[in-house]
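The values are calculated or read from the model by the stated rules, or taken from the named source; none is laboratory data. Please read these numbers as outputs of a predicted model, since none were measured by experiment. Using ideal geometry, Cβ is built from the backbone for each residue, glycine included, and neighbour counts are taken over all protein chains shown.
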Amino acid sequence: MKTIFLNAEEHRLRAGWRILALFLATLVASLASAQLAKLGAGSTLAWVAYLIMASAVLWVVVTRIDRRPWRTLGFEIGRSWWTDLALGFGASLVAMALVFAVSLVCGWVQVDGRPRSGASAGIVLWGVLAGQLALAAFSATYEEALGRGFLLRNLSEGFERRRLGSRMVPAGALLVSSLLFGLMHAGNPHATALSFLELVLFGGLVGWVYLVTGSLAMPIGLHLGWNFAMGNVFGFPVSGATAGASVMILRQQSRPLWTGGAFGPEAGLSGLLALLVLLILMGFQLSTRSRPGGPGIGLMHAGSDPGRRAAPPSPARLPDRRRWRPRRSPPEC
């Protein structure tokens, strides 16, 4: 019975139970934030409360149940980490700019407003945008740490125990984690089958980047840039919700199949165009790096993950200290 729950070699819960523990604890955080909303807290305050509670839950599960340092999820922060974050953000900004340009030229959206003139109005607008950028960064960091840093790693470790092939382990983990990412947004307002498919594809793209780089920097940048550019720069709905303050105020004219309607580009053909642009940009960026095989894929295996505690050596492999003698140095002349 003990081996059903515990991995005897690693002295910790098996991957499936670790994922279940996180799911149940996150569910409690979600119910608590929903109760705050019922008590009169605004949606933004309730969302911030959820992010704080859920992030705390994730940290406890990672460090106490998963028994790995937090930084090994992909937070090895340095100059290159911030560079990758900026590259991911810029790639999503370019993809959304192309979607906006095509929609505007074809007449499928119309710009109804821009920032009001005047120094005071501009300061207020950019202050609000800075606050929303900070909140979007918090949200993207949490979702990537959850979906890629924790789930993708633990799913890979669980599949590895099933003795799947070296290629099937990351592929299977990537598929399951991407489906879970799509399901996380399936209950959003105005969600459709196409929006579910596109969010699964987005999760797969970001997960692939994580596997190749072994870092959460570029995935967080992609996720943050995707949401912020879509909602707060170009004024599209984001996953069925309005983004609040935005640089542009858009009105959709027609073609919901292209624009995604009230859900946003993630439910339209424009979202597929953005994903194609991201795939091209990330493929070019990652192909220029001299990282054969990708360090991230190596981190998915037991022997190369610095966060996992190695099993103690078998007694049969220990050196026979009774036969070992130190080599004497030759006498000095």
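Scan the range 84-105 and tell me whether some residue there is part of a helix (DSSP H, G or I) and either farther than 30 Å from Leu269 by Cα or touching a Lys or Arg at 6+ places or on another chain (Cβ under 6 Å) (or both). Among the residues of the range 84-105, not one is part of a helix (DSSP H, G or I) and either farther than 30 Å from Leu269 by Cα or touching a Lys or Arg at 6+ places or on another chain (Cβ under 6 Å) (or both), which makes the answer no.
The rows are residues; the columns are (1) crowded, with 24+ Cβ neighbours inside 10 Å; (2) outside the structural domain of Met282 (by TED's automatic domain parsing); (3) among the acidic types (Asp, Glu); (4) outside any helix (DSSP H, G or I).
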residue	(1), (2), (3), (4)
Gly172	no, no, no, no
Asn188	no, no, no, yes
Leu197	no, no, no, no
Phe202	no, no, no, no
Trp208	no, no, no, no
Val212	no, no, no, no
Met218	yes, no, no, no
Gly221	yes, no, no, no
Gly225	yes, no, no, no
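Among the criteria (1) among the aliphatic types (A, V, I, L, M); (2) loosely packed, with under 14 Cβ neighbours inside 10 Å; (3) in contact with a helix residue (DSSP H, G or I) (Cβ under 6 Å, 6 or more places away or on another chain), the one Leu73 does not fulfil is (2).
Any chance you could count how many residues in the range 39-55 are exposed (fewer than 13 other Cβ atoms within 10 Å of the Cβ) and not in a helix (DSSP H, G or I)? Adding up the residues that qualify gives 3.
Per the listing Leu27, Leu58, Leu36, the residue uniquely loosely packed, with under 13 Cβ neighbours inside 10 Å, in a helix (DSSP H, G or I) and not assigned by TED's automatic domain parsing to the domain that holds Leu275 is Leu27. Examine the range 61-68 for a residue that is of a type outside the set (A, V, I, L, M), surrounded by 16 or more Cβ atoms within 10 Å (Cβ to Cβ) and within 26 Å of Glu266 (Cβ to Cβ), and state whether such a residue exists. Scanning the range 61-68 turns up no residue that is of a type outside the set (A, V, I, L, M), surrounded by 16 or more Cβ atoms within 10 Å (Cβ to Cβ) and within 26 Å of Glu266 (Cβ to Cβ).
Name the residue, out of Ser290, Ser314, that is of a type in the set (S, T, N, Q), assigned by TED's automatic domain parsing to the domain that holds Gly203, modelled with pLDDT under 70 and within 29 Å of Pro170 (Cα to Cα). Walk me through how you get there before you give the answer.
Values: Ser314 fails: assigned by TED's automatic domain parsing to the domain that holds Gly203.
Sole residue among the options that is of a type in the set (S, T, N, Q), assigned by TED's automatic domain parsing to the domain that holds Gly203, modelled with pLDDT under 70 and within 29 Å of Pro170 (Cα to Cα): Ser290.
One line per residue, one yes/no per condition, for (1) acidic (Asp, Glu); (2) closer than 16 Å to Gly147 by Cβ:
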| residue | (1), (2) |
| --- | --- |
| Glu9 | yes, no |
| Gly16 | no, no |
| Ala34 | no, no |
| Ala46 | no, no |
| Tyr50 | no, yes |
| Thr63 | no, no |
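Do we find a residue being out of contact with any Gly (no Cβ under 7 Å at 6 or more places or on another chain), part of a helix (DSSP H, G or I) and in the same structural domain as Pro265 (by TED's automatic domain parsing) anywhere in the range 234-244? Checked the range 234-244: no residue is out of contact with any Gly (no Cβ under 7 Å at 6 or more places or on another chain), part of a helix (DSSP H, G or I) and in the same structural domain as Pro265 (by TED's automatic domain parsing).
Filter the range 131-145 down to the residues that are hydrophobic (A, V, I, L, M, F, W, C) and in contact with a Phe, Trp or Tyr (Cβ under 9 Å, 6 or more places away or on another chain) and list them by number.
Of the residues in the range 131-145, the ones hydrophobic (A, V, I, L, M, F, W, C) are 133-138, 140, 145.
Across the range 131-145, the qualifying residues are Leu133, Leu135, Ala136, Ala137, Ala140, Ala145.
Exactly one residue among Leu179, Leu273 is closer than 30 Å to Thr72 by Cβ, among the aliphatic types (A, V, I, L, M) and at pLDDT 90 or above, and that residue is Leu179. Against the list (1) at pLDDT below 95; (2) over 23 Å from Leu13 (Cα atoms); (3) of a type outside the set (Phe, Trp, Tyr), the condition Arg163 fails is (2). Among the residues of the range 2-24, those that are touching a Phe, Trp or Tyr at 6+ places or on another chain (Cβ under 9 Å), surrounded by 12 or more Cβ atoms within 10 Å (Cβ to Cβ) and not β-branched (Val, Ile, Thr) comprise Leu6, Leu13, Arg14, Ala15, Trp17, Arg18, Leu22. No other residue among Trp126, Trp208, Trp108 is at pLDDT 85 or above and out of contact with any helix residue (DSSP H, G or I) (no Cβ under 6 Å at 6 or more places or on another chain) apart from Trp208.
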